[in-house]
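The values are calculated or read from the model by the stated rules, or taken from the named source; none is laboratory data. What you are looking at is a predicted structure, and each value in this text was computed from that prediction instead of being measured. We place every Cβ from the backbone using ideal geometry, glycine too, and count neighbours over all the protein chains shown.
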Amino acid sequence: MILSIESSCDDSSIAVTEIATKKLIHHSKISQEVEHSFYGGVVPELASRLHAVALPKILEGTLPYLDKLKAIAVTNQPGLSVTLNEGLMMAKTIASLKKLPIIPVHHLKAHIYSLFIEKEAITPLLVLLISGGHTQIIRVQSFEHMEILATSIDDSVGESFDKCAKMMGLGYPGGPIIEKLALSGDEHRFDLPIPLRNSPLIAFSLSGLKNAIRLQVLALGGADEMSEQDRRDLAASFQRAVKLHLLQKSKKVFAKEHIKNFAIVGGASANLYLRNAYEILCKEFDKTLLVAPLEYCSDNAAMVGRYAIEAYHQKQLSDPHKISVQRSKKQQNGTLL
Ligand code: KG4
Ligand code: ZN
């Protein structure tokens with residue numbers, strides 16, 4: 001079995017996965033959304049302290065499996081370095097005590113493997129990754145060959161939901177709040193700009209749309225003066241603009257890449273309005289849409305464990321003393337490192 005640990009942002013999660021069957025034997029997670037909602041976003045130092053309390057607590061549930069472990073998997077990039085460190089310290093301690101190797105896991109690759117929890121992986125595959133930290137289209141040729149075809153030049157999709165929610169005086173995380181409000185809103189009320197609409201660039205950009213929301217909130221008298229219906233309509237109009245932007249750029253990729261399977265992963269892939277739009281797009285382009293179960297869209301250790309099974313077979317094992325948090329630079333198009 002492999003014990004996997006995830007602490008790249010504000011979710012502390014630990015899982016145990018059986019190598020031979022790929023079965024998820026145990027999974028637990030403690031989210032810090034309530035603690036961060038007061039600040040309208042994740043506060044790294046607070047997140048780190050909360051991981052230090054939560055990780056040992058949820059580790060207890062894995063005690064029955066500790067003697068059956070072959071490796072400890074842990075997310076070591078990309079993410080908040082202070083929170084990654086909490087998971088890494090725990091992984092190193094267990095690995096040293098039990099004399100086990102560590103499997104370092106790239107968080108974005110783990111999100112891709114959220115599609116294959118308790119399943120065989122399907123490749124080749126085109127993936128739209130929409131999380132709090134990233135927006136990318138990735139060509140997954142195989143476990144070893146993943147290439148970024150398009151990326152955001154500024155904010156990510158999840159981040160834009162969070163920031164817009166904050167500007168409208170809503171809580172954190174903004175994604176689920178905006179999605180819910182939008183259900184009873186008029187998505188055509190506000191004429192918001194569709195990012196890079198007239199640009200041939202195959203890239204994403206959300207900061208201009210964020211600014212348009214800021215100006216609209218001001219025009220409505222500020223977050224405190226907006227009516228409930230204003231909030232609903234603005235949430236719906238914002239979500240529509242994000243959808244149209246994602247679809248437009250995805251179509252440009254579809255025109256060049258003829259891989260049949262297309263997937264959406266990451267926290268924002270839990271958004272049913274976006275999922276629905278991609279179902280229609282995939283039918284139009286004769287693609288098969290893959291999505292992860294809703295519970296595995298946001299950060300979790302089950303996807304880390306699933307990725308780690310492949311890494312284990314590829315012998316990507318490290319000495320616990322030699323592993324550290326990888327400080328990854330903002331990645332442009334090219335090999336997903
Ligand atoms: O993948 P994730 O858990 O963490 C990162 O790797 O960043 O993604 C978290 C992001 C947050 O920005 C959150 O607002 C967004 O995913 N999110 C959503 C929804 N649920 C979570 N965005 C839009 N609609 C949702 N339903
Ligand atoms: Zn994530």
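For the reader, a short list of remarks on this structure follows.
Condition check ((1) in a loop (DSSP other than H, G, I, E, B); (2) in contact with a Gly (Cβ under 7 Å, 6 or more places away or on another chain); (3) over 28 Å from Val16 (Cβ atoms)) across all residues:
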residue	(1), (2), (3)
Leu115	no, no, no
Leu126	no, no, yes
Glu147	no, yes, yes
Lys166	no, yes, yes
Lys180	no, no, yes
Glu187	yes, no, yes
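- Residue selected from the stretch 58-88 under the condition within 16 Å of ligand 2 (Cβ to nearest atom) and part of a strand (DSSP E or B), by the criterion nearest to Gln331 (Cα to Cα): Gln77
- Scanning the stretch 177-200 for residues that are within 20 Å of Leu247 (Cα to Cα) and either buried (at least 16 other Cβ atoms within 10 Å of the Cβ) or assigned by TED's automatic domain parsing to the domain that holds Ala47 (or both) returns Ile178, Glu179, Ala182, Glu187, Phe190, Leu192, Ile194, Pro195, Leu196.
- Note on the stretch 135-145: among residues that are touching a Pro at 6+ places or on another chain (Cβ under 8 Å) and not in a strand (DSSP E or B), the one that is surrounded by the fewest Cβ atoms within 10 Å (Cβ to Cβ) is Ser142.
- Among (1) within 15 Å of ligand 2 (Cβ to nearest atom); (2) out of contact with any Pro (no Cβ under 6 Å at 6 or more places or on another chain) - the single one Glu279 does not satisfy: (1)
- Residue within the stretch 89-111 that is assigned to a helix (DSSP H, G or I), within 16 Å of ligand 2 (Cβ to nearest atom) and in contact with a Phe, Trp or Tyr (Cβ under 8 Å, 6 or more places away or on another chain) present: yes
- Out of Arg214, Arg240, sole residue that is more than 22 Å from the chain's Cα centre (by Cα), under 19 Å from Ile177 (Cα atoms) and not assigned by TED's automatic domain parsing to the domain that holds Leu80: Arg214
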